[in-house]
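Report on the structure given below.
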Amino acid sequence: MEPQWSPAAFSRPHADGIECTLCPFQCVLHDNEIGRCRVRRRYGTQLESATFATSVRHVQPIERKPLYHFRPGARVLTLAAPGCTFACTYCQNYRISQFGRSAAATWNAEPVVPDEVVENASRERLCIAFSYSEPVLAAELTLALAPRAAAQGVPLLWKTNGFITRSALREVAPVLAAVNVDLKVVDEHSHRRLTAAPVAPVLDAIAEFKRAGVWLEISTPILSGVNDTDSALAELARAVRAFGADVPWHLLRTHPDYRMGALTPTHPDTLARARAIAHAEGIHYVYVERALGAEGRTTHCPSCGIAAVQRGIWSFESHTLNHGACTQCGTAIAGHW
Amino acid sequence: MSEPRFVPSLPDLIEPHEYASDPGGRRVRVRIRLTPEGVEVLGDAVRPAELEKLLETLGAQVIEQMLCG
């Protein structure tokens, strides 16, 4: 199967060719040249994208993304075309994300008809999420879904690396209901080593999503020997806290995969330590999906500590909220309940 | 060479309470059963590459796997 190319937005003329303005690499492309993402190219006088397509149509709980404070228990239709702007060495999804870089990642996506996708989601009462690979590269498809999705009340969600130009973000953010942004490390050297990309645009995008009113959650893969020291975790926690105490932070367990076959799996004690550091930095909602049991998935009221929202593994179980507020003390629990 | 197929979910065979007792992630667990379609091998491992090698050795034509996120 080969990619089918469609006209892309997010470009402008450049003295040396056409400049792609979607991600901060801002590739300047000559005719027939493909960008660093491997899924956008210049063809003649226009920029084209291969991502008006999807390799999957998975229906899952929203907790899988993970999004814990946005419509808990909602079901999500996940779409993903191959491709990513990052080349993360530990990527567990490399067979889809590392298209063009890894021989194991082949093109297996079929074209998407936006109206059909939205009709299906509306009929089944699903949100639509872009996940697994990089949603930024599906910005055109996201925008194509948006009018009908808005008309039918279907929320659009991204699980993204946040590597997007400010101009592109400002076009896409108004159609997104919620995003979960991966923040892997905040140290520039480590970030480049891990992802082959700078971290500053990610931090900028997180701030811009928040400013734009998109519901924001952040995920961090805890990687042994990379970001699991007390100082690295505290640095990350301070960075997350800077976006607001009420931004949920998900600490993800990682295991050896792709080019990090020697990685040691994240120990539950490390995740517990990371969670304690996050709380000490003042972050209200810190989550660990599995390794710390049900307690790791529970939302506690930041004022009185009562268990306000309880979850199973990748599922919503129950809440005691009253119009989004703690039933015991009345404190508002941030989120879209 | 097996063909990977992405699926929305698969059952767990390794439970979270077992993570701490296997810090190196060496545990592999498999369940083999006969289904109307043939022999089904379900595997769970912290090191997916090792599990895939095992399944390929067993002759799997398709290996279903979940994605992260």
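The values are calculated or read from the model by the stated rules, or taken from the named source; none is laboratory data. Keep in mind it's a predicted model, so treat the numbers as computed, not measured. Heads up, the Cβs are rebuilt from the backbone with ideal geometry, glycines too, and the neighbour counts pull from every protein chain shown.
List of remarks:
- Subset of region A:49-82 that is hydroxyl-bearing (S, T, Y) and more than 12 Å from chain B (Cβ to nearest Cβ) - its residue that is farthest from A:W107 (Cα to Cα): A:Y68
- All positions within region B:49-67 that are under 24 Å from A:S55 (Cα atoms) and more than 14 Å from every other protein chain (Cβ to nearest Cβ): B:L55, B:A60, B:Q61
- Residue under evaluation A:A278, criteria (1) in a strand (DSSP E or B); (2) buried (at least 20 other Cβ atoms within 10 Å of the Cβ), criterion not met: (1)
- Within region A:266-304, the set of residues being within 14 Å of chain B (Cβ to nearest Cβ) and aromatic (F, W, Y) comprises A:Y287 only.
- Residue list for region A:230-249, filter: touching a residue at least 40 places away in the same chain (Cβ under 8 Å), closer than 29 Å to A:Y94 by Cβ and surrounded by fewer than 21 Cβ atoms within 10 Å (Cβ to Cβ): A:A232, A:E235, A:A239
- Residue list for region A:264-321, filter: among the β-branched types (V, I, T), under 18 Å from B:I14 (Cβ atoms) and not assigned by TED's automatic domain parsing to the domain that holds A:P72: A:I313
- Among all positions in region A:141-152, there is no residue which is buried (at least 22 other Cβ atoms within 10 Å of the Cβ), within 14 Å of chain B (Cβ to nearest Cβ), of a type outside the set (D, E, K, R) and out of contact with any helix residue (DSSP H, G or I) (no Cβ under 6 Å at 6 or more places or on another chain).
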